[in-house]
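Structure record follows, encoded as structure tokens.
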Amino acid sequence: MLRNTRSGYGGVAIVFHWTMALLILGMLALGLYMHDLPLDQPSTFALFQLHKSIGFVVLALAVFRLLWRFVNPSPRLPDGMHPLERAGAHLGHIGLYALLFALPLTGWFMVSASPWGIPTVLFNTLPVPHLPVPAALGSQEQAESFFKLLHEYGAYLLMALIAVHAAAAFKHHLVARDDTLKRMVSTRPAKAGS
Ligand code: HEM
Ligand code: HEM
């Protein structure tokens, strides 16, 4: 079953979720690793290009994932959840979706603003143009630092949200013992028509 129903996720949403979860965790780790590397090494340059390339894959997947979400029903949260918990789950998902766009976009603006003007060539094949950077942000250095700060703190916020999100999923599975985690792993809970 490819589409979501009101009782569970379909195959497309599940593949999107876990593919993007892996890519995001890898990108967070790679970003942190890049932080202290010497900038004059060719291997550092290659890792930055890889980070940028995968970041654009995440951005493209985020667009298709959100479109898919809009044309599919969203599975209902389990009965008996406290209204605050429901609100937390919805806000958490909105925050995760927002950061799936914000991280690649702030990265793209950061490299576009950089006075170094280093081109972005996806997987050494597809050149990506730089974005126009608003003049109100000041000099190129100032604009680059601004987007770098947004990118860095956005990444920390994303790490915190993922930690809470994954902890909530395991709490549902181990304490409440409901289908929340199972339905993001298998399409079986997504009964047709329900
Ligand atoms: C899923 C998307 C992305 C994630 C999760 C992510 C995450 C990160 C993290 C955690 C860092 C290290 C921050 C620090 O400690 O300073 C970082 C650095 C960086 N990211 Fe990203 N990033 C993403 C996409 C992108 C994209 C699309 C670009 C550019 C087109 C980009 C360009 C950079 C650059 C240039 C740095 C190094 C900044 C510096 O220290 O000079 N990132 N990223
Ligand atoms: C070990 C890591 C993770 C676990 C165990 C996990 C588990 C889950 C589960 C069980 C759901 C379904 C919630 C429901 O039915 O209401 C879900 C939804 C979601 N997860 Fe994760 N997740 C993990 C990592 C991530 C990561 C890294 C991201 C992206 C940054 C992410 C983004 C989302 C989003 C946006 C949704 C909402 C999907 C929708 O309803 O459209 N998750 N996750």
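The values are calculated or read from the model by the stated rules, or taken from the named source; none is laboratory data. Fair warning: this is a prediction, and the values are worked out from it, not measured in the lab. We place every Cβ from the backbone using ideal geometry, glycine too, and count neighbours over all the protein chains shown.
Only one residue in 158, 150 is within 12 Å of ligand 1 (Cβ to nearest atom) and closer than 25 Å to residue 82 by Cα, so which one is that?
158
Just to be sure I understand, how many residues within segment 34-53 are exposed (fewer than 13 other Cβ atoms within 10 Å of the Cβ) and under 20 Å from residue 108 (Cβ atoms)?
Count: 3.
Cβ-Cβ under 8 Å, sequence separation 6+ or interchain: first residue in segment 16-41 and among the small types (Gly, Ala, Ser), partner more than 8 Å from ligand 2 (Cβ to nearest atom) and assigned to a helix (DSSP H, G or I). Which pairs?
Hits for this filter: 26/54; 31/51; 31/155.
What is the number of the single condition among (1) touching a His at 6+ places or on another chain (Cβ under 7 Å); (2) more than 15 Å from ligand 2 (Cβ to nearest atom) that residue 92 does not meet?
(2)
Do any residues in segment 80-109 that are more than 16 Å from ligand 1 (Cβ to nearest atom) and of a type in the set (A, V, I, L, M, F, W, C) have Cβ atoms under 8 Å from those of residues that are in a helix (DSSP H, G or I) and at pLDDT 95 or above, where the two are at least six apart or on different chains, and which pairs are they?
Taking only residues 6 or more apart or on different chains, the pairs are 81/89; 89/168.
Would you please list the contacts, defined by Cβ atoms under 9 Å and residues six or more apart or on different chains, that run from a residue in segment 53-73 that is within 15 Å of residue 17 (Cα to Cα) to a residue that is hydroxyl-bearing (Ser, Thr, Tyr) and part of a helix (DSSP H, G or I)?
61/19; 62/97; 65/97; 66/97; 69/97
Residue 68 passes all but one of (1) surrounded by 15 or more Cβ atoms within 10 Å (Cβ to Cβ); (2) within 16 Å of ligand 1 (Cβ to nearest atom); (3) under 19 Å from residue 9 (Cα atoms); which number fails?
Answer for residue 68: the failing condition is (2).
Starting from residues that are part of a helix (DSSP H, G or I) and touching a helix residue (DSSP H, G or I) at 6+ places or on another chain (Cβ under 8 Å), keep the ones in segment 2-17 and report whichever is surrounded by the fewest Cβ atoms within 10 Å (Cβ to Cβ).
Residue satisfying both the conditions and the ranking: 17.
State which residue pairs qualify: first residue surrounded by 12 or more Cβ atoms within 10 Å (Cβ to Cβ) and inside segment 156-170, second residue among the hydroxyl-bearing types (Ser, Thr, Tyr) in any location, beta carbons under 7 Å apart, and separation of 6 or more residues or different chains.
As it stands, the answer is 169/180, since those pairs meet every condition given.
So how many residues does segment 74-130 have that are more than 16 Å from the chain's Cα centre (by Cα), β-branched (Val, Ile, Thr) and surrounded by 15 or more Cβ atoms within 10 Å (Cβ to Cβ)?
Of the residues in that region, 3 qualify.
Can you tell me how many residues in segment 119-141 are part of a helix (DSSP H, G or I) and closer than 19 Å to residue 35 by Cα?
1
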